[in-house]
Structures are given as structure tokens and as C-alpha cells.
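See structure below.
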Amino acid sequence: MAIAAPFLPYEKLRIVATNFLSQHHASGEIPIPIEKIVEFKLQLDIVPIPGLQDEFDVDAFLTNDLTEIRVDQFIQQERPARYRFSLAHEVAHLLIHQDIFKELKFSTIAEWKKAMTSIPEDQYGWLEWQAYCLGGLLLVPSLPLRALFQESAEKALKAGIDLRELDDDSRRIVESNLGRHFDVSREVIAKRMNYDKLWK
């Protein structure tokens, strides 16, 4: 079976995220309540699986019938930021790749892993890139990110610091602080900052 990733540039993914949040989280309150959206808006079951990451090297996956997100139990219980991103990543697959997932046949975790490895490497890479980017846009919407960064920049400027002239280590500190506001990792913020060109 030939699997082809759809052509979805970053700006198209931004539109998908904006439309989704307008429909399912109209208040715009930060952090985005992704778990509640998954369970109560999308009506998906979140099923914790012990040892999922250790045994299959995956944090979470969307079931073939698109009714469950199965997630590593340890990550759900002990790694809240990673858990939230795992949910957002799988929601992204649901939004933009559900036709592909419906074509893949699997019922067990091992069958899921086999189905994923059957996708050509380049196409799988594009599917994952799209889901990663869209997951980041869902948890870190463009306008709140820009507003919070601008607020931080103004405060820093009053103290004689231009955030756009920081070295890499100092930028990581700013990104970590922003990450706490959105309840995501620094790495997610770094990629969003890069795509929105906020450091330039």
C-alpha cells in the first residue's frame, strides 16, 4: 500500500491550529487544556499503557479506529509537559492524517509498530514533521506567544537588556520561562520561536 504525506506547509498548519482552537477552545486561555479537549470535545479515550515507551520506543499513538490515544503510563503520570505534547501530537495526526490512519490495519501495539515501519521513510518523516509542528501550534498559539515574548522583551529593555542580542545560553533561559507559561518543554518553544522568527 502506497502512503503519501499530504503537502502541508507550516503556514497551512498554522491555519489548521487556529481554526481548531477557535472551535474547541474559544476562550483562548493559556495553557491550552489539551487533555480536556481530547476527552470532552473530541470524545477520545486516553488509555495509559505501562511500558509503552520502553518496549516500543513511542510515547503515544492514535488507534486505527480513531477513538483512543494510548499513552505511556509513566509519561502520563510523571512527565506532564511531555504528556501534553504527546496528546497534541496525536490530535495533529487526527486532524491532518486520519485518512492515512484509517488505511493502516492494526489492533495491537506490535501491529501498530509494524504498520508504521511499513510507511516509506521519507513519507513517515513528513507525517511526523507535520504532526510535531501542528502539535506545537496547538499548544503554543501564535498570538499569545508573540504577546508574551513582547511583554518579556519590554521588561528586559527597561533593565537595559535587548532580548534579540542574547547569546544562545541566555536565549535558552528565556525559552524555558516561556515554556513554563504554556506548560511545554523549552524545545517546543525554541521551534515555535524559530518558525515565528521572534528572535530576529
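General remarks:
- Counting only helices (runs of 4 or more DSSP H) that fall entirely inside the stretch 134-200 and contain at least 1 residues that are touching a Gly at 6+ places or on another chain (Cβ under 7 Å) and among the charged types (D, E, K, R), the qualifying elements are 186-195.
- Flag for Arg180 being buried (at least 16 other Cβ atoms within 10 Å of the Cβ) and either acidic (Asp, Glu) or without any contact (Cβ under 8 Å) to a residue 24 or more places away in the chain (or both): no
- Remark: Ala156 matches the filter, which requires a residue to be aliphatic (A, V, I, L, M) and either exposed (fewer than 14 other Cβ atoms within 10 Å of the Cβ) or not assigned by TED's automatic domain parsing to the domain that holds Ala92 (or both).
- Contact map, the stretch 62-78: residues that are loosely packed, with under 15 Cβ neighbours inside 10 Å paired with residues that are part of a loop (DSSP other than H, G, I, E, B), Cβ distance under 7 Å, separation 6+ or inter-chain. Pairs shown: Thr67/Leu44.
- For the stretch 81-98, the condition of being assigned to a helix (DSSP H, G or I) and free of Cβ contacts under 8 Å to residues at least 12 places away in the same chain holds for none of the residues.
- Matching option when the condition is assigned by TED's automatic domain parsing to the domain that holds Gly179 and under 23 Å from Val188 (Cα atoms), among Gln123, Gln150, Gln130: Gln150
The values are calculated or read from the model by the stated rules, or taken from the named source; none is laboratory data. The structure presented is a predicted model; accordingly, all values stated were derived computationally and were not measured. In this analysis, Cβ positions are derived from the backbone assuming ideal geometry, glycine residues included, and neighbour counts consider all displayed protein chains.
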